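Since the structure comes first, as structure tokens, the remarks are kept for the end.
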Amino acid sequence: MSTHEISLTVDGTTEDLTVESRTLLVHALRDDLGYTAPNVGCESGKCGACTVEMDGDAVKSCTILAVQADGSDVTTAAGYADDGLDPVQRAFHDEHGLQCGYCTPGMLATTHQLLDENREPTRAEIRRALKGNVCRCTGYESIVDAVETAAERLRAADADGERPTGDGPADPPEPGAED
Ligand code: FES
Ligand code: FES
């Protein structure tokens, strides 16, 4: 099996690594580099649990070879938190947009791309944007509520000319903490 030297930025850190031709980005992130925010669900592009942002686009990292990510800027759900939860993470917390949390990293990545492109999405637009992210727990209503709330807060911060913050605790809630 041939190998390749690649370099990518993950959550602001430059990472150099050697990968096999067949290595999927999600496995390079989790197994080689230790970025465990993206989850592995179906491994076939159907569930969205592995979604990360790659150069600003939400992508399912099980559908991309690590060599294809060479030179790119990857943000996992863990990369959104700075001094506390970011506004999208905070909105998911406040609106109970998660239960087991397995889908949440992917939901956050997709939501970030949506709200970067559209600060005032309708509920139909939110549902459309998230159609590739499956949640087995919530029934989706609270997730759509969370995205609406995040959008409202980001618009308010934009209007105030503030850098938006989630104004929350340092770490995202543990899976199951919402039960
Ligand atoms: S694990 Fe990638 S889409 Fe399901
Ligand atoms: S799968 Fe979405 S919260 Fe459990």
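The values are calculated or read from the model by the stated rules, or taken from the named source; none is laboratory data. In this text, all values refer to a predicted model and were calculated from it rather than measured experimentally. So basically every Cβ, Gly included, is an ideal-geometry build from the backbone, and we count neighbours across all protein chains shown. Surface areas here come from the heavy atoms of the whole protein model, side chains and all, with no ligands, DNA or RNA. Shrake-Rupley method; radii C 1.70, N 1.55, O 1.52, S 1.80 Å.
Dividing the helix sum by the residues of the chain, where each DSSP H run of 4 or more adds -39500 (n - 2.57), gives a mean residue ellipticity at 222 nm of -8500 deg cm²/dmol. The relative contact order of the chain, computed from alpha carbon pairs under 8 Å that lie at least 6 residues apart in sequence, is 24 percent. For the chain, excluding the exposed loop sites themselves (trypsin sites (Lys or Arg not before Pro), DSSP loop, at most 15 other Cβ atoms within 10 Å), the longest remaining stretch covers 47-118. Exposed loop sites here mean GluC sites (Glu not before Pro) with a DSSP loop assignment and at most 16 other beta-carbon atoms within 10 Å; the chain contains its longest site-free run at 44-161.
Subtracting the Cα-Cα distance from 0.36 nm times the residue separation, let me have the gained length for Glu43 to Thr14 in nm, one decimal.
Fully extending the segment from Glu43 to Thr14 adds 7.9 nm.
Considering only Ala124, Val144, His112, the residue lying farthest towards the positive end of the dipole of the chain is Ala124, judged by Cα position with unit charges set on Cβ.
Could you do me a favour and compute the accessible area per residue for the chain, 1.4 Å probe, result in Å²?
On the way: 8820 Å² over 179 residues.
Counting only protein heavy atoms, the per-residue value for the chain is 49 Å².
Here the Karplus curve 6.51 cos²θ - 1.76 cosθ + 1.60, taken at θ = phi - 60°, turns the phi angles of segment 146-156 into couplings of 5, 5, 4, 5, 4, 5, 4, 5, 5, 5, 5 Hz, with x standing for Gly and Pro. Amide H contacts under 5 Å for Leu24: Ala66, restricted to partners 5 or more places along the chain or on a different chain, H placed in the peptide plane at 1.01 Å from N. Short-range pairs are left out: with C-alpha atoms under 8 Å and at least six residues apart, the relative contact order of segment 87-160 is 50 percent. The HN-Hα couplings worked out from phi for segment 120-137 by the Karplus form 6.51 cos²θ - 1.76 cosθ + 1.60 (θ = phi - 60°) are 9, x, 6, 5, 5, 5, 5, 4, 5, 4, 9, 5, x, 10, 8, 10, 8, 10 Hz, whole numbers, x standing for Gly and Pro. Per-atom-type breakdown for the chain gives carbon and sulfur 44% of the accessible area (1.4 Å probe, protein chains only).
For segment 39-52, putting each phi into the Karplus relation 6.51 cos²θ - 1.76 cosθ + 1.60 with θ = phi - 60° gives couplings of 9, 9, x, 7, 6, 9, x, 9, 9, x, 5, 8, 5, 9 Hz, in residue order, rounded to whole numbers and with x for Gly and Pro.
Rounded to 0.05, the FRET efficiency of the Glu120 and Cys100 pair, given R0 = 41 Å and the Cβ-Cβ distance, is 0.85.
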